1. Using Cα pairs closer than 8 Å and at least 6 residues apart in sequence, work out the relative contact order for the stretch 1-107, in percent.
2. Can you give me the accessible area per residue for the chain, using a 1.4 Å probe, in Å²?
3. In the stretch 1-53, if every C-alpha pair distance is counted and binned at 10 Å from zero, what percent goes to each bin?
4. Quick one: with all protein chains in place, what share of the accessible area of the chain is carbon or sulfur, to the nearest percent (1.4 Å probe)?
5. In percent, what relative contact order does the stretch 61-126 have, based on Cα pairs under 8 Å that are 6 or more apart in sequence?
6. How large is the Kirkwood hydrodynamic radius of the stretch 64-147, counting all unique pairs of alpha carbons, in Å?
7. Any idea what the alpha-carbon Rg over 2.2 N^0.38 Å comes to for the stretch 1-128?
8. Quick one: the Cα spread of the stretch 46-199 along its three principal axes, in angstroms, biggest first?
Amino acid sequence: MTAALEALLGRTRACTLCRERLPHEPRPVLQAGSGARILVAGQAPGRRVHASRRPFDDPSGDRLRAWMGVDRATFWDARRVAILPMGFCFPGSGASGDLPPRPECAPAWRTPLLALLPDISLTLVIGRYAQDWHLDTVGASVTDTVRDWRRRWPAVVPLPHPSPRNNRWLRTNPWFESEVLPRLRQRIAALLAEPGVAA
């Protein structure tokens with residue numbers, strides 16, 4: 001890891017920008033290594049991730065890893081996979097699930113972190129908040145954005161959130177599992193097999 005990235009990750013993990021707006025002490029959760037080829041751009045940590053401090057250490061993560069065709073060791077290897085949610089801290093819960101990511105994180109940290117990840121060749125953009133930021137899809141539905149996945153292939157793949165709350169979406173959009181996921185797994189396997197990727 002480069003010294004600049006290591007220093008920036010340290011500052012990011014110590015961030016307290018949202019302290020007054022969170023129902024708990026800030027606990028930023030993210031992962032990055034300078035040689036990472038794959039970026040997972042999610043939404044925000046949930047309650048279980050807040051407790052474990054490991055990104056996607058929950059049922060959503062189990063599904064995401066299955067979608068990607070990778071095991072836990074590969075997924076949590078910062079030299080291979082960077083994980084930068086739109087909000088780094090658990091935002092708390094509302095009436096219908098977790099609250100949206102806090103808006104302070106992206107402008108404070110996202111651009112400088114991404115600038116220090118020059119080897120990213122594939123970005124998985126998960127959910128509406130990440131898609132609006134990365135893809136400028138404000139106003140478009142997640143379904144329409146994901147259905148148009150070929151337009152940004154092979155550098156970017158928009159995905160629905162892998163939460164169990166989206167089981168109905170997956171049932172009503174079977175093309176996602178039959179068309180998108182096989183290509184995604186092939187792409188990820190090829191990137192991880194390239195020379196220079198940490199073993």
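The values are calculated or read from the model by the stated rules, or taken from the named source; none is laboratory data. If you're wondering where the values come from, they're calculated on a predicted model, not measured in any experiment. The protein model used for the area step is the full one, side chains on, heavy atoms only, and it has no ligands, DNA or RNA in it. Shrake-Rupley method; radii C 1.70, N 1.55, O 1.52, S 1.80 Å.
1. Details: 173 pairs, mean separation 35.1, N = 107.
The value is 33 percent.
2. Values: 9510 Å² over 199 residues.
For the chain, the solvent-accessible area averages 48 Å² per residue.
3. The distribution over the stretch 1-53 is 21, 48, 28, 4, given as percents.
4. Values: 4830 of 9510 Å².
That share works out to 51 percent.
5. Working: 32 pairs, mean separation 12.8, N = 66.
Once divided by the residue count of the stretch 61-126, the mean separation gives 19 percent.
6. Working: mean 1/r = 0.0684 Å⁻¹.
About 14.6 Å, per the Kirkwood formula over Cα pairs.
7. Values: Rg = 13.9 Å, N = 128, 2.2 N^0.38 = 13.9 Å.
This ratio for the stretch 1-128 stands at 1.00.
8. Cα extents, longest axis first: 46, 34, 28 Å.
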